1. For the chain, what relative contact order do you get, as a whole percent, if you take Cα pairs closer than 8 Å and at least 6 residues apart?
2. As a check on your grasp of the helix formula, calculate [θ] at 222 nm for the chain: sum -39500 (n - 2.57) over DSSP H runs of n ≥ 4, divide by the residue count, round to the nearest 500.
3. To test your reading of the geometry: what angle, between 0 and 90 degrees and rounded to tens, separates the Cα axis of helix 12-23 from the longest principal axis of the chain?
4. Alpha carbons only, please: Rg and Dmax for segment 130-196, in angstrom.
5. Show me, for segment 132-139, the HN-Hα J-couplings you get by feeding each phi into the Karplus relation (A = 6.51, B = -1.76, C = 1.60, θ = phi - 60°), rounded to Hz, glycine and proline as x.
6. List the residues whose amide H sits under 5 Å from the amide H of Glu49, counting only those 5 or more places along or on another chain, with H placed 1.01 Å from N in the peptide plane.
7. Fewest to most neighbouring Cβ within 10 Å: what's the order for Leu123, Leu226, Leu19?
8. Within the set of other residues whose C-beta is less than 13 Å from the C-beta of Phe188, count the net charge using Lys and Arg as +1 and Asp and Glu as -1.
Amino acid sequence: MPTVLITGASSGIGRSLALVYAQAGYQVFAGGRSQERLSEICSQHSNIETLICDLTEPEALKAASINLPNLDVLILNAGTCEYIDDAKQFDGELFARVINANLTSVGYCLDAWLPLVKSGGNLAITSSSAAFLPLPRAEAYGASKAALTYLARTLSIDLKPNNIHVSVIHPGFVKTPLTDKNSFPMPFLTSTEEAAQAIFKGIKLNKSDIHFPRIFTWLLKTLSLLPFPCWKILASRITH
Ligand SMILES: NC(=O)c1ccc[n+]([C@@H]2O[C@H](COP(=O)([O-])OP(=O)(O)OC[C@H]3O[C@@H](n4cnc5c(N)ncnc54)[C@H](OP(=O)(O)O)[C@@H]3O)[C@@H](O)[C@H]2O)c1
């Protein structure tokens, strides 16, 4: 049976991904901190096992990984989002919290689990379409995601001799507990089921850049080609 480890599987995109992989006949290792929410998806499929740990704690992560088998697919999807409300009163604690949860934790995951990924296997890292261009109030979230895109692309080069395919995932807005907190309009909001299907297909095809919904992500990719001063004027008009 092929194996997949998915972080952030207790909720949102990761939860739907775990269900898609379970239905496709994979042995799924579903990561998260919430035992209760992970138990709920395990009860739906006998081929889903939980991997409960806080990814910002490398020792706990290693201890939880002891009995893991070799992996066909590793999806580093867990993440959080907090916005900087007042850039002048920059909240350094918030910044550190977001970078730790979204970026530093991925380093710990790679340290623990990359050696388990088989030759011919896949590594996918969830960034965000926020990585395409600077968005208002996203100093912490956007910086963590832009760094993940860079990290994934660098790994894509360096893991080529190991025959590991690396995908970076750039979702647009997906309806999850993370985005339910947003009070601003979210164009082209998609469901977690649609997101999970796009990611599953993209990884199967060894795509290096998985982005969706395409109309929204292509629009952002096109805007990112603008000279920065033009984007700065546009972005300021959107927010002020
Ligand atoms: N939703 C969107 O519109 C959107 C857009 C672009 C990118 N993304 C990215 O997609 C990924 C999934 O987001 P989502 O929207 O599905 O959010 P979500 O529903 O809030 O899920 C986040 C998941 O990450 C896990 N997690 C967070 N911090 C963790 C930690 N320290 N240790 C272990 N697990 C942790 C949570 O598990 P526990 O709570 O059980 O710990 C949860 O399962 C994130 O990386 C997010 O940045 C989302």
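1. Values: 443 pairs, mean separation 44.0, N = 240.
Rounded, it is 18 percent for the chain.
2. -12500 deg cm²/dmol
3. Value to nearest ten degrees: 30.
4. Computed over the Cα atoms of segment 130-196, radius of gyration and Dmax are 14.5, 45 Å.
5. 6, 7, x, 10, x, 6, 9, 3
6. The answer is Val28, Phe29, Ala30.
7. Numbers: Leu123 25, Leu226 13, Leu19 20.
Result, fewest neighbours first: Leu226, Leu19, Leu123.
8. Details: positive: Lys175, Arg214; negative: Glu194.
That sum, taken over residues with Cβ under 13 Å, equals +1.
No value in this document is a laboratory result; all are computed from the given coordinates. Computed from a prediction, not measured in an experiment: that's the story for all the values here. Glycine gets a Cβ as well: all are built from the backbone with ideal geometry, and neighbour counts include every protein chain shown.
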